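Asks: Next up is a structure, given as C-alpha cells.
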Amino acid sequence: MKVMLFGASGMVGQGALRAALQADDVTEVLAVGRGPSGLQHAKLRDLVLPDLFGFAAAQPLPTGYDACFFCLGVSSGGMAEADYQRLTYDLTLAIATALAPANPGMTFIYVSGAGTDSSEQGRTMWARVKGRTENALLRLPFKAVYLMRPGMIQPLDGIQSKTPAYRWMYRVIGPLLTPLRRLLPRHILTTRSVGQAMLAAARHGAPSAVLETADIQALAARG
C-alpha cells in the first residue's frame, strides 16, 4: 500500500507517519508539507512545497497512491472565519480536488474533530467550517472518504503538539490521561490508535463515512 500524508509534523500526523512506517503492508509514504518531515526511513519520501496551495500545479502530480491521510489543521482560536476557512476548507479542497482524478483508487481520510457541524448552520465557527469541508470531500470521486472526528488524543512515543497552548495543556493533564483512558477507553484516543485506525480504514474500509471516537477505537483494534 502506498500512502500520502499531509501534516506529518503535527501531533496526529506524527502518529500517522509512525504507524505507516511500521506497517509491513505499507511500501511507500510520501510526506507532503511546507518543510521536510525530518525523518530518514527507507519507505519515506518528502515532497516540500512552501505554498501548499500550489500542490495542484506540482509536476508531476503524485499518482498511484492507495490512501491519503490528511492531518493538516490549524487552531481556530483568535482567527476570523474567512482566514480559518481559507486554511481549512479552501486548502483541503484545493488539494483533494487535484488528487481525486489523479488517484481514483485512493481512500481519503480527513482528520476533522469531535463536534463538527454537518448542517453547516450552527453557531460555532470552526464546527461549521469543518462540516462544510467534510460535506465537500464526500462529493469528490475518491474510492472512499472517511471523516475522523477524534476528541481527546493522548500523545505517545515522544510526540508533541506544535501548538503551545496544547503542549501546556498536555503537560498539565498528561499524568491523568493514562488512568483516564483505562477507565474511559471509548472516549480518549492516543496518537498510536488514531494512526492504526487510519491504516485499518485504508485496508478494510469502515462502517460509515463519519467516524467518532468510539468508531476510531474500534478500527484501531481491528488493525
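The values are calculated or read from the model by the stated rules, or taken from the named source; none is laboratory data. The structure displayed is predicted, hence computed values, not measured ones. Every residue, glycine as well, gets a Cβ built from its backbone with ideal geometry; the counts of neighbours run over all protein chains shown.
Asks: Can L52 be described as loosely packed, with under 15 Cβ neighbours inside 10 Å, free of Cβ contacts under 8 Å to residues at least 60 places away in the same chain and over 14 Å from the mean Cα position of the chain (by Cα)?
Replies: no
Asks: Mind listing just one residue for me: the one in the stretch 54-73 that is modelled with pLDDT of 95 or more and either in a helix (DSSP H, G or I) or of a type in the set (G, A, S) (or both) and, of those, nearest to V111 (Cα to Cα)?
Replies: The extreme case among them is A67.
Asks: Another question, then. I'd like to check something: does the stretch 204-221 contain any residue that is surrounded by 12 or more Cβ atoms within 10 Å (Cβ to Cβ), modelled with pLDDT under 70 and within 20 Å of A114 (Cα to Cα)?
Replies: no
Asks: Does T97 fit the bill of being out of contact with any strand residue (DSSP E or B) (no Cβ under 7 Å at 6 or more places or on another chain) and of a type in the set (S, T, N, Q)?
Replies: Criteria met by T97.
Asks: Can you go through T107, T116, T97 and tell me which one is among the β-branched types (V, I, T), over 27 Å from A220 (Cα atoms) and modelled with pLDDT of 95 or more?
Replies: T97
Asks: Another question, then. With over 16 Å from L17 (Cβ atoms), crowded, with 20+ Cβ neighbours inside 10 Å and without any contact (Cβ under 8 Å) to a residue 40 or more places away in the chain as the only criterion, which of A58, A31, A127 stands out?
Replies: Unique residue meeting the criteria: A127.
Asks: Still on this structure, please answer the following. From the list F108, F6, F55, pick out the single residue that is aromatic (F, W, Y) and more than 19 Å from K143 (Cα to Cα).
Replies: The unique qualifying residue is F55.
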